[in-house]
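The next block holds one structure in the form of structure tokens; read it before the comments.
The values are calculated or read from the model by the stated rules, or taken from the named source; none is laboratory data. Model, not experiment: these values are computed from the prediction. FYI the Cβ positions are ideal-geometry reconstructions off the backbone, even for glycines, and counts take in every protein chain you see.
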Amino acid sequence: MRRPPLRTLGRLAGRQPLGAAGAGIVVVLVLTAVFAPELAPHGAKDAAFSPYLPPSAAFPLGTDHLGRDMLSRVIWGARLSLWVGLVSVLVGVTLGGLWGVVTAYVGGVADSASQRVVDTLMALPPIILALSLMAALGQSVNNVIIALAVLLTPTAARTLRSLVLSIRESPYIEAARAVGCPHWRVIALHVLPNTLATYIVLVTVNISYAIVVEASLSFLGLGAPPDEPSWGAMLTAGTQALEPAPWMFLFPGLAISLTVFGLNLLGDAIRDLTDPRLRGGLG
Amino acid sequence: MTGRYVARRLLLFAPTLLSASILIFVLLRLVPGDIAEILVYQTGSESSAVQEKQIRQLRAELGLDRPVVVQYVAWLGAAFRADFGQSYSQKRPVIEILKERVPRSLELALLTILIAMLWAVPLGVVSAVRQNTWIDYVVRVLSISGLSLPIFFTGVLILYLLVRLFGWLPPLEFVSFTVSPWENLKQLIWPALAQAYYISAPITRLTRSQLLEVIRQDYVRTARAKGLGERAIVYRHALSNSLLPVVTFVGWWGGRLLGGIVIVEIIFSVPGMGSALASAVSQRDYPAVQAMVFVMALVFLTLNLLVDLLYAWLDPRIKYA
């Protein structure tokens, strides 16, 4: 008998209270991003007010150095950050994952050659690689997504490769081959489903990572163009106005932290749930 | 650990470093606007025929008019002799900048790792031993929040509080450890703390999950069955077996610190390699950027190599193809 989905959710939330809290934060965030036009009192780029107004009833989060409403910018920022995080991770992890799965399964020269490419991309500290890519590509939201996807590809390829190396040796793969399954069928029906849990964990964990790297790039002045409502860029502008307007760095910083916090809690819970070894208590 | 694996791993080191250096070289030359244009247009006037000529002259002087392959081979040949050329913006040999900046960043990185290990590992142990109690939840929330607070946010927050509460300002002159250890530590402790808070989160989480896994192993049950005290079980049997991945992780993460150091050094005005790199990137100082990223890749790859060898040596269960 199937349990009603709501009760299953409730049971999961009881077992993973932190994960449930994370899911709650993520849901609020997604709603904020989706309904940004309805929620934000002003446009993200409307420089129509006095600069450096402290938080008040009219401007709950104050205004910035150009007289833009911070609340509106933080709300629009949710849309930008989630969009950049989600798209870059889906592209990077999916492409990198497939690359890792296929080359690991095929093995031999294809595997070693692809691992050398991964080595090269991973030879640079991630922020440094992203920084160089952004310097070469030029500043735009799409280029940030490309740079982040390039950054995530080798990690996903390596993680799924090592997983597939062990899956490949499993008896059920041997059995599938023995009954005459062609290779594509073995990959699609026997290998890929077994990498799904790792794939989901990679995606959830890396969305927050991508959001942080995006903000880091903006912080270094190499991310999205400065007038885009990127939390990282807002934080940089706030850093330059620490004394007169601390709210300018505080609220975007809190927004990034809360987002990453929620995503991390959720990712953690998903990892715990998909790893049967971690179920149950001590001894 | 088979000798073949070690040999392979060692053999791969040089080609990877080489391909990484090519990657940086090509990326840097894709950047729109080169140093010659910037230097000439610095005067702010409109472009003119005279300026065009100046740009061409400067490019010839700096060797920027040659094909990229020729430039790369020339760079590589010189790099073998530890000659990374002249910095455009600082007007002195890049190797001098490296000698001055690298030790500072290295010190900051070591201090960061030391601080992080000192509080992260004990927290992870407590969290695992008391799994699913309030103390476990507090530690987990603390460490996840550490991961969630980006380094530039905690850094700026610490700076803001220091400025507001203590009237502290980042010192203008860097005092090296050999001159005055106390002054030196006073400068580096805040950036190290900011960064340590960030990296201690994954260390705590890893210690916790490793210990949880080890604690369910048969030999731990055996230890318990023969009547060992809980303390001896955790510290002598479980912890020593779960710290291996933690140590290798720290080695691996040490490389990633190099990226975070760029941001921390900028916030706290530490004149290290990271802040030098950031300013070199914005000034399109090719020789300096190329050399610094190369050194970072070298350190990063060396750390990864050591971690891999350590791992293979310590854990014979791992099979390498």
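Observations, loosely collected:
To keep it simple, each residue is scored yes or no on (1) under 27 Å from B:Phe294 (Cβ atoms); (2) at the interface with chain A (Cβ under 10 Å from one of its Cβ atoms); (3) among the aliphatic types (A, V, I, L, M); (4) in contact with a Leu (Cβ under 8 Å, 6 or more places away or on another chain).
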residue: B:Gly229; (1), (2), (3), (4): no, no, no, no
residue: B:Tyr235; (1), (2), (3), (4): no, no, no, no
residue: B:Asn241; (1), (2), (3), (4): no, no, no, no
residue: B:Phe249; (1), (2), (3), (4): yes, no, no, yes
residue: B:Arg256; (1), (2), (3), (4): yes, yes, no, no
residue: B:Val262; (1), (2), (3), (4): yes, yes, yes, yes
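- Selection count, the stretch B:223-239, where residues are assigned to a helix (DSSP H, G or I) and in contact with a helix residue (DSSP H, G or I) (Cβ under 9 Å, 6 or more places away or on another chain): 11
Yes/no matrix, rows are residues, columns are (1) of a type outside the set (A, V, I, L, M); (2) over 30 Å from A:Gly19 (Cβ atoms); (3) not in a helix (DSSP H, G or I):
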{"position": "B:Asp83", "(1), (2), (3)": "yes, yes, yes"}
{"position": "B:Tyr88", "(1), (2), (3)": "yes, yes, yes"}
{"position": "B:Glu96", "(1), (2), (3)": "yes, yes, no"}
{"position": "B:Ile115", "(1), (2), (3)": "no, no, no"}
{"position": "B:Pro122", "(1), (2), (3)": "yes, no, no"}
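- Here B:Pro150 fulfils each of the conditions (1) more than 29 Å from B:Ala232 (Cα to Cα); (2) in contact with a helix residue (DSSP H, G or I) (Cβ under 9 Å, 6 or more places away or on another chain); (3) surrounded by fewer than 22 Cβ atoms within 10 Å (Cβ to Cβ); (4) not aliphatic (A, V, I, L, M) apart from (3).
- Listed conditions (1) within 10 Å of another protein chain (Cβ to nearest Cβ); (2) assigned to a helix (DSSP H, G or I); (3) surrounded by fewer than 24 Cβ atoms within 10 Å (Cβ to Cβ) are all met by B:Arg284, apart from (2).
- Identity of the residue in the stretch A:1-54, touching a residue at least 12 places away in the same chain (Cβ under 8 Å) and hydroxyl-bearing (Ser, Thr, Tyr), that ends up nearest to A:Ile75 (Cα to Cα): A:Thr32
- Any hit, the stretch B:138-155, residues being away from chain A (no Cβ under 12 Å) and either modelled with pLDDT of 85 or more or at negative phi (or both): no
- Scanning the stretch B:101-125 for residues that are β-branched (Val, Ile, Thr) and surrounded by fewer than 18 Cβ atoms within 10 Å (Cβ to Cβ) turns up just one, B:Val102.
- Of everything in the stretch B:200-224 that is over 8 Å from B:Gly124 (Cβ atoms) and of a type in the set (Ser, Thr, Tyr), the residue that is surrounded by the most Cβ atoms within 10 Å (Cβ to Cβ) is B:Ser200.
Table: residues versus (1) within 14 Å of chain B (Cβ to nearest Cβ); (2) more than 22 Å from A:Ala197 (Cα to Cα); (3) assigned to a helix (DSSP H, G or I); (4) among the aliphatic types (A, V, I, L, M).
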position: A:Val27; (1), (2), (3), (4): no, no, yes, yes
position: A:Glu38; (1), (2), (3), (4): no, yes, yes, no
position: A:Gly67; (1), (2), (3), (4): no, yes, no, no
position: A:Leu71; (1), (2), (3), (4): no, yes, yes, yes
position: A:Ile75; (1), (2), (3), (4): no, yes, yes, yes
position: A:Ser81; (1), (2), (3), (4): yes, yes, yes, no
position: A:Thr94; (1), (2), (3), (4): no, no, yes, no
position: A:Ala104; (1), (2), (3), (4): yes, no, yes, yes
position: A:Asp119; (1), (2), (3), (4): yes, yes, yes, no
